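*Asks:* Mind having a look at this structure? Questions to follow.
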Amino acid sequence: MEAEVKREMARQLQSKIDAMQGLGKRSERQQRNALSPFGSAFPGGVFPMAAIHEFISYEPSDAASTSGFMTALVGKFMQEGSLCLWIGNGTKIYPSGLGHFGLKPDRIVFIDAPTAKLALWIIEEALKCEALSAVVGEIKELGFTESRRLQLAVERSGVPGFIHRYRPQAENIVACTARWKITALPGNTVDGLPGMGHSCWDIQLLKVRNGKPDSWQVSWSGNNFAPIIEKHIVPQQERNVG
Amino acid sequence: MPRYASIWFPYLLAESVTRKRPELRDGPVVLASRQRGRMVIDAVNAPAKAKGIHVGMVVADCKAIFPDLRVLESESGKGEKIIQALAEWSIRYTPFSSVDLPDGLILDTTGCTHLWGGEKEYLESIEAKLGGYGYTVRCAMADTIGAAWAATRFANPRCIVKPGKQKEILLDLSPEALRLEASVLERLRKLGLKRIGDFIDMPPSVLRRRFGAALPLRIGQALGQEMEFVIPVEPIEPYRERLCSMEPIATAAGITIALRNLLEILCQQLATDGMGLRQGIFRAYRIDGDVQHLEIGTNLPSRNPNHLFKLFEHKIATLRPDLGFELFVLEATDVEPVTDEQAAIWNAASQNDAKIGELLDKVMAKAGRESVSRYLPAEQYWPERAVKKAMPLWEKPVTPWRTDWPRPIHLLSRPETIEVTAVLPDYPPMLFRYKGKTHHVAKSDGPERIEQEWWLADGLYRDYYCVEDESGARYWLFRSGPYDAGRPEWFIHGFFA
């Protein structure tokens, strides 16, 4: 009995510590199952909602894969009738393509900021608005100070933020909770049939606060992530990255 | 009960000249213009009138009798301009002032006169002000426009007709006081009806048969039985608030306070009417006559003073106060009813909409209106035209999004040419070079032929292929046109996730 009380107390303390460390408060609406492959790397085994996730890509194809993965994540967070903001500075997103990743493209408001500085301001303002279900920002450079401002805004509002950095000058230290790198994998087709098959991604969680960096190979099929248990995956070192 | 003041300028044109040339004021002055080869008098001043000179006389005859008569050229259309300017000037006495051509003004003084201490003081103030400018003025006040007009021109000076007593004042006046046409007046005179009292009590049907419909109508208007409308010189905006300052305001802090006060008042007014602001203008009148304005727009009707203030806030710095502003005017140029106020208490979604609306207002105010867009599916296959912007931003899609054909997640705004090696015509390429890099195609899908919509544009069809290179990167390529016309061009158009 006493052990039970202690365990409960420890759990409460841990969640308080998590909140202080920028992993957000644990809320009931978090869907463990929907994001099941990725939760394991995070403290407490739960994908943090109220956090900034940073994505880095260098190739146009990887940028597209990253956009796809972000769209899939946002689609999981979106509730019926809610809106998401997609802020960029000359974004290439094609709304018709988003529908394949479980997100209604008309639920997204696109903002094309004239300058990168203004884009950062808009991202911060958007992250302060609790009414949004997610905020996606496409910017090249993100300094430590700016990232901390975004992280603080998120901790207050609880709106998940996804920052996509395409070809940054350097992979500098930022205050974001997690850093991801998504690269495309050859699609998996059933029994070697011709055609492209489902999108497959190599998802690398490079940094995560208080968690274990990990990597997954998943495919996107039937509006869900499915792990690939195939043999033809090319190891990371052999592919030309960057 | 409405009250109207009528102002009459008996010597409007002549005095508009003499007030600028005071040396002429005491002598007879006439304005004349050339008509059918002779100079005919258009306007006279008071001394000329006293000598018996009237409008329509020939200048040569008058000159023969009064050699010291000053004759000046009259300008056509000047009278309307002056009277318009005077009507605008008189807005200081009432918000509703209108022009009564050719030489008068009508003011709707309802609820205004107590600010001057009474109707008598009100008229005295107007007479004194206009007299100071050099105009001879006759004023009167009555319950109806017709009675005020008659009293100004035909009753004692500064005649104030008590409420409901229009008839008494009209009885002794001549029929001209009813603003009738010359032919009707002529007929009345012939029949010996020299005073309004002689026929005012006759049944309207009798008057109408004898003198036409105008006479009973004018009687009705003078007595207040018929409605009469005039058009104000400056239409009254329902949502406009003004704030005058005693001292010129030249600091941002002062302007902020003025703006906040005005927003507070305006939003209260909007709230009582159940409306919300969509577009607003904040005007600042500088003491040297310069007018500067700030404009804002909102996505959803709003009456939240703090939110509206935020939209104005960063624009305040663009105002140039120099010596200071003396008047601030805030106007809601576009309002819309706020319907979901009641629902908001129950429904979290509409409250969220309001919050997002406020956020987008802020973004639009800073980054420009075009920067924010939402897309809806368009019923077209050509990829560039398959999405359209939602207008307005909250438009709902009428057709579902199609996911039956593969569409890339990144689309190049302009397809880029690539070099391609294809095994056979109508086969997907074997390898392609894009930006100096060779990609070997491992897997492919297609083709998907998309034709130009001939009613929109001319051009070749496109055969789209989805291809995957050896590393797994996926591209959307197309061949423009058929093979038989020489070497067709190949393009890259998008990237799949």
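The values are calculated or read from the model by the stated rules, or taken from the named source; none is laboratory data. The model shown is predicted, which means the values in this text are computed figures rather than measured ones. As a convention, Cβ positions derive from the backbone with ideal geometry for all residues, glycine included, and neighbour counts pool all protein chains shown.
*Asks:* Could you figure out which of (1) more than 14 Å from chain B (Cβ to nearest Cβ); (2) crowded, with 20+ Cβ neighbours inside 10 Å isn't true of A:S40?
*Replies:* If we test A:S40 against (1) more than 14 Å from chain B (Cβ to nearest Cβ); (2) crowded, with 20+ Cβ neighbours inside 10 Å, just (2) comes out false.
*Asks:* Quick check on segment B:296-303. Is at least one of its residues without any contact (Cβ under 8 Å) to a residue 40 or more places away in the chain and crowded, with 19+ Cβ neighbours inside 10 Å? So that I can check it myself, show each step before the final result.
*Replies:* Of all residues in segment B:296-303, those without any contact (Cβ under 8 Å) to a residue 40 or more places away in the chain come to B:301, B:303.
Then drop every residue that is not crowded, with 19+ Cβ neighbours inside 10 Å, which leaves B:301, B:303.
Looking through segment B:296-303, at least one residue is without any contact (Cβ under 8 Å) to a residue 40 or more places away in the chain and crowded, with 19+ Cβ neighbours inside 10 Å.
*Asks:* As an exercise: evaluate A:Y94 against (1) within 9 Å of chain B (Cβ to nearest Cβ); (2) out of contact with any Ser or Thr (no Cβ under 9 Å at 6 or more places or on another chain); (3) surrounded by fewer than 23 Cβ atoms within 10 Å (Cβ to Cβ) and give the number of the one condition it does not meet.
*Replies:* (3)
*Asks:* Look at B:S205 and say whether it is polar (S, T, N, Q) and surrounded by fewer than 13 Cβ atoms within 10 Å (Cβ to Cβ).
*Replies:* Values: polar (S, T, N, Q): yes; surrounded by fewer than 13 Cβ atoms within 10 Å (Cβ to Cβ): yes.
Against the criterion (polar (S, T, N, Q) and surrounded by fewer than 13 Cβ atoms within 10 Å (Cβ to Cβ)), B:S205 qualifies.
*Asks:* Condition check: within 7 Å of chain B (Cβ to nearest Cβ), in contact with a strand residue (DSSP E or B) (Cβ under 6 Å, 6 or more places away or on another chain) and surrounded by 21 or more Cβ atoms within 10 Å (Cβ to Cβ). Does A:I111 satisfy that?
*Replies:* So A:I111 passes the test.
*Asks:* Name the single residue that is nearest to the other protein chains (Cβ to nearest Cβ) among those in segment A:120-141 being among the hydrophobic types (A, V, I, L, M, F, W, C) and closer than 20 Å to A:A64 by Cα.
*Replies:* Checking each candidate, the answer is A:V135.
*Asks:* Only one of (1) assigned to a loop (DSSP other than H, G, I, E, B); (2) touching a helix residue (DSSP H, G or I) at 6+ places or on another chain (Cβ under 7 Å) fails for B:A140. Which number is that?
*Replies:* (1)
*Asks:* Additional query: Quick one: which of B:A252, B:A332 is of a type in the set (G, A, S), in contact (Cβ under 8 Å) with a residue 60 or more places away in the chain, more than 30 Å from B:G104 (Cβ to Cβ) and surrounded by fewer than 16 Cβ atoms within 10 Å (Cβ to Cβ)? Spell out how you get there, then give the answer.
*Replies:* Numbers: B:A332 fails: surrounded by fewer than 16 Cβ atoms within 10 Å (Cβ to Cβ).
Among B:A252, B:A332, only B:A252 is of a type in the set (G, A, S), in contact (Cβ under 8 Å) with a residue 60 or more places away in the chain, more than 30 Å from B:G104 (Cβ to Cβ) and surrounded by fewer than 16 Cβ atoms within 10 Å (Cβ to Cβ).
*Asks:* Could you pull out the residue among B:R242, B:R320 that is within 30 Å of B:Y4 (Cα to Cα), surrounded by fewer than 17 Cβ atoms within 10 Å (Cβ to Cβ) and among the basic types (K, R)?
*Replies:* Going through B:R242, B:R320 in turn, the sole match is B:R242.
*Asks:* Follow-up. Which residues, counting only those in segment A:152-195, are among the aliphatic types (A, V, I, L, M), assigned to a strand (DSSP E or B) and within 14 Å of another protein chain (Cβ to nearest Cβ)?
*Replies:* A:I182, A:A184, A:L185, listed by residue number.
*Asks:* Something else now. Among the candidates B:L13, B:L24, B:L69, single out the residue that is touching a helix residue (DSSP H, G or I) at 6+ places or on another chain (Cβ under 6 Å) and over 26 Å from B:L105 (Cβ atoms). Working first, answer last.
*Replies:* Numbers: B:L13 fails: over 26 Å from B:L105 (Cβ atoms); B:L24 fails: over 26 Å from B:L105 (Cβ atoms).
That would be B:L69, the only listed residue that is touching a helix residue (DSSP H, G or I) at 6+ places or on another chain (Cβ under 6 Å) and over 26 Å from B:L105 (Cβ atoms).
*Asks:* Can you go through B:T399, B:T403 and tell me which one is β-branched (V, I, T), under 23 Å from A:T66 (Cα atoms) and not assigned by TED's automatic domain parsing to the domain that holds B:P488?
*Replies:* On the way: B:T399 fails: under 23 Å from A:T66 (Cα atoms).
Selected residue: B:T403, the only one of B:T399, B:T403 that is β-branched (V, I, T), under 23 Å from A:T66 (Cα atoms) and not assigned by TED's automatic domain parsing to the domain that holds B:P488.
*Asks:* Could you go through segment B:368-391 and let me know if any residue there is surrounded by 15 or more Cβ atoms within 10 Å (Cβ to Cβ), modelled with pLDDT under 85 and within 9 Å of another protein chain (Cβ to nearest Cβ).
*Replies:* Yes, because at least one residue in segment B:368-391 is surrounded by 15 or more Cβ atoms within 10 Å (Cβ to Cβ), modelled with pLDDT under 85 and within 9 Å of another protein chain (Cβ to nearest Cβ).
*Asks:* Count, please, the residues in segment B:395-412 that happen to be hydroxyl-bearing (S, T, Y) and modelled with pLDDT of 85 or more.
*Replies:* 1
*Asks:* May I pose another question? Output yes when any residue across segment B:26-47 is part of a loop (DSSP other than H, G, I, E, B), within 30 Å of B:V230 (Cβ to Cβ) and assigned by TED's automatic domain parsing to the domain that holds B:I126, and no when none is.
*Replies:* Checking segment B:26-47: at least one residue is part of a loop (DSSP other than H, G, I, E, B), within 30 Å of B:V230 (Cβ to Cβ) and assigned by TED's automatic domain parsing to the domain that holds B:I126.
*Asks:* Related question: I'd like the full set of residues that are in contact with a Ser or Thr (Cβ under 9 Å, 6 or more places away or on another chain) and not in a helix (DSSP H, G or I), limited to segment B:200-220.
*Replies:* The one that is in contact with a Ser or Thr (Cβ under 9 Å, 6 or more places away or on another chain) and not in a helix (DSSP H, G or I): B:G212.
*Asks:* Give all pairs with beta carbons closer than 7 Å in which a residue from segment B:395-414 that is at the interface with chain A (Cβ under 7 Å from one of its Cβ atoms) meets a residue that is part of a loop (DSSP other than H, G, I, E, B) and surrounded by 20 or more Cβ atoms within 10 Å (Cβ to Cβ); count only pairs at least 6 apart in sequence or on separate chains.
*Replies:* Correct list of pairs: B:R407/A:Y94; B:P408/A:Y94; B:I409/A:Y94; B:I409/B:A497; B:H410/A:Y94; B:L411/A:Y94.
*Asks:* Here's something else I'd like to know. Could you say which residue among B:I91, B:I106 is crowded, with 19+ Cβ neighbours inside 10 Å and under 15 Å from B:S6 (Cα atoms)?
*Replies:* B:I106
*Asks:* Counting residues that are more than 13 Å from every other protein chain (Cβ to nearest Cβ) and either touching a residue at least 60 places away in the same chain (Cβ under 8 Å) or farther than 22 Å from B:D404 by Cβ (or both), which strands (runs of 3 or more DSSP E) fully inside segment B:421-497 reach at least 1?
*Replies:* Qualifying strands (runs of 3 or more DSSP E): B:429-434, B:474-480, B:489-496.
*Asks:* Which condition breaks for A:R149 when tested against (1) more than 13 Å from chain B (Cβ to nearest Cβ); (2) surrounded by 15 or more Cβ atoms within 10 Å (Cβ to Cβ); (3) in a strand (DSSP E or B)?
*Replies:* Among (1) more than 13 Å from chain B (Cβ to nearest Cβ); (2) surrounded by 15 or more Cβ atoms within 10 Å (Cβ to Cβ); (3) in a strand (DSSP E or B), the lone unmet condition for A:R149 is (3).
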